[in-house]
Amino acid sequence: MLVLGVETSCDETGLALVRDGVFVAEALASQTDMHAVFGGVVPEIASREHLRMLPLLLPQLLGRTGSALADVDAVAVARGPGLLGALLVGLSFAKGLCLGTGARLIGVNHLHAHLLAPGLESEIGYPALGLLVSGGHTHLYRMDGPMQFRLLGRTLDDAAGEAFDKVAKLLNLPYPGGRYLDELAQGATPDTHLFPRAYIHNDNLDFSFSGLKTAVAEELGKRPHLALASMPTADELRERGALALSAHPEELAGICASFNWAVAETLRIKAERALEREPDLRGLVVAGGVAANSFVRGAVARLARERGLALNLPGLALCTDNAAMIAHAGWLALRGGYCHALDLESVPRGRAVPQDWVRIGPAQAGT
Ligand code: KG4
Ligand code: ZN
């Protein structure tokens, strides 16, 4: 069963092939550098780039793997949540392929796909706690199976990645700046009293990162020399490293370590609270762009160890947006006997993804 995954929900254009749940290949084009100068993703530029890149990536992917379009049994597409225009480009492309080849269409929830992605590397032990930390979402789920997600908590304002990106902007780092803050903090000792672990003194499983962002903004207001004199390009940062561009590397590293620590600890505390409330959970799955963060990885690895849980923490390429996770989630849906009709709709950010599956028997699903 060969599934082609299509990802266009934000600023990565991705196509990937998964055969029987095993990764085959991916063609990914990042638009990050195009949006960096604007300090965030510009939706119209994102849509146009997806439209330009998808037809270029498809022959690349097929050529590299020696496959033909006719070999594809199903096309799995990220249907949302995401930028509506960007999603519509991917969905139209996927529908066109299905119309042309007769392949089945599967609409994938982008958030669920993030959390299922580690399953490409090692099996997920259900029931598991799923912590999704990305640029747009910070969600805690109870995962009873690949198709069974129950939302336990979510951010009430900024997502964890958004907090990283906003702090990076204050330091004059290009968008998305999360990874530079991670890099800047390497080797420094966090001051655990400098920033609040925001919104933990309550009894819920929700998050709020706006208070932390304000605290960092106030601290940086007292230390204006810490912001880089001019915004470096992503290339400059890659070549020289973020620390080399600062006139006050030690002080900056300390601030960044304290911020990284505060985010990671907040995530750990709420995840631990969720595990206490759902004592039958056997696994911990952490995914999304912020799961690439070294402080977050350390904190959740400790948590899993202390509680004797199986930890699924994907490699860095599977943390950020990619099409392999979409193809994989699509394959899991198909294996379970689910697909979609060609009237499938995209779902913008902020709206719930409907359960509008079409049920098919395992024989029809070909598994
Ligand atoms: O999952 P993702 O690629 O896209 C969304 O679906 O949002 O996540 C992107 C987010 C951005 O906010 C980016 O700054 C953040 O992930 N990010 C990081 C790191 N790598 C990516 N944040 C902190 N530390 C990192 N190493
Ligand atoms: Zn994502």
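Of note:
- Residue in the stretch 107-117 that is in contact with a Cys (Cβ under 9 Å, 6 or more places away or on another chain), of a type outside the set (A, V, I, L, M) and within 15 Å of ligand 1 (Cβ to nearest atom) present: yes
- In the condition set (1) surrounded by 17 or more Cβ atoms within 10 Å (Cβ to Cβ); (2) more than 16 Å from ligand 1 (Cβ to nearest atom); (3) not small (G, A, S), P174 is compliant with all but (2).
- Residue check for P59: assigned by TED's automatic domain parsing to the domain that holds G330, surrounded by fewer than 17 Cβ atoms within 10 Å (Cβ to Cβ), at pLDDT 95 or above and under 18 Å from the mean Cα position of the chain (by Cα): no
- In the set A262, A323, only one residue is in contact with a Phe, Trp or Tyr (Cβ under 8 Å, 6 or more places away or on another chain), in contact (Cβ under 8 Å) with a residue 24 or more places away in the chain and either crowded, with 20+ Cβ neighbours inside 10 Å or not assigned by TED's automatic domain parsing to the domain that holds F209 (or both); that residue is A262.
- Which listed residue is out of contact with any Gly (no Cβ under 8 Å at 6 or more places or on another chain) and within 19 Å of L152 (Cα to Cα), from E306, E265, E250: E265
- Any chance A271 is of a type outside the set (S, T, N, Q), in a helix (DSSP H, G or I) and within 16 Å of ligand 1 (Cβ to nearest atom): no
- For the stretch 279-312, a residue qualifies if it is away from ligand 2 (no atom under 16 Å from the Cβ) and in a loop (DSSP other than H, G, I, E, B), and the qualifying residues are P279, D280, L281, R282, G308, L309.
- Considering residues of the stretch 139-171 that are within 25 Å of G330 (Cβ to Cβ) and within 10 Å of ligand 1 (Cβ to nearest atom) only, the residue surrounded by the most Cβ atoms within 10 Å (Cβ to Cβ): G161
- Among the residues of the stretch 237-252, those identified as assigned to a helix (DSSP H, G or I) and under 25 Å from the mean Cα position of the chain (by Cα) are L237, R238.
- Check on E250, surrounded by fewer than 19 Cβ atoms within 10 Å (Cβ to Cβ), modelled with pLDDT of 95 or more and not β-branched (V, I, T): yes
- Leading residue by the ranking (surrounded by the fewest Cβ atoms within 10 Å (Cβ to Cβ)) among those in the stretch 84-110 that are in contact (Cβ under 8 Å) with a residue 60 or more places away in the chain and touching a Pro at 6+ places or on another chain (Cβ under 7 Å): L84
- Any hit, the stretch 211-218, residues being in the same structural domain as T155 (by TED's automatic domain parsing), in contact (Cβ under 8 Å) with a residue 40 or more places away in the chain, more than 16 Å from ligand 1 (Cβ to nearest atom) and more than 26 Å from H110 (Cα to Cα): yes
- Cβ pairs under 7 Å, 6+ apart, first in the stretch 180-207 and over 15 Å from A264 (Cβ atoms), second within 16 Å of ligand 2 (Cβ to nearest atom) and of a type in the set (D, E, K, R): D206/R154
- Test for L332: is it more than 16 Å from ligand 2 (Cβ to nearest atom), surrounded by 18 or more Cβ atoms within 10 Å (Cβ to Cβ), in the same structural domain as F164 (by TED's automatic domain parsing) and not hydroxyl-bearing (S, T, Y): no
- Applying the condition of being in contact with an Asp or Glu (Cβ under 8 Å, 6 or more places away or on another chain) and of a type in the set (S, T, Y) to the stretch 201-255 and asking which residue is nearest to L171 (Cα to Cα) yields T233.
Listed here are the residues, each with its yes/no results for (1) more than 16 Å from ligand 2 (Cβ to nearest atom); (2) assigned by TED's automatic domain parsing to the domain that holds A327; (3) at pLDDT 95 or above; (4) not aromatic (F, W, Y).
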position: R79; (1), (2), (3), (4): no, yes, yes, yes
position: G82; (1), (2), (3), (4): no, yes, yes, yes
position: A103; (1), (2), (3), (4): yes, yes, yes, yes
position: L156; (1), (2), (3), (4): yes, no, yes, yes
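- Among residues of the stretch 143-159 that are in contact (Cβ under 8 Å) with a residue 24 or more places away in the chain and polar (S, T, N, Q), those with a Cβ under 6 angstrom from a residue that is surrounded by 14 or more Cβ atoms within 10 Å (Cβ to Cβ) and part of a strand (DSSP E or B), sequence gap 6+ or separate chain, pair up as T155/T138; T155/F207.
The values are calculated or read from the model by the stated rules, or taken from the named source; none is laboratory data. What you are looking at is a predicted structure, and each value in this text was computed from that prediction instead of being measured. No Cβ is skipped: glycine too gets one built from the backbone with ideal geometry, and neighbour counts run over all protein chains shown.
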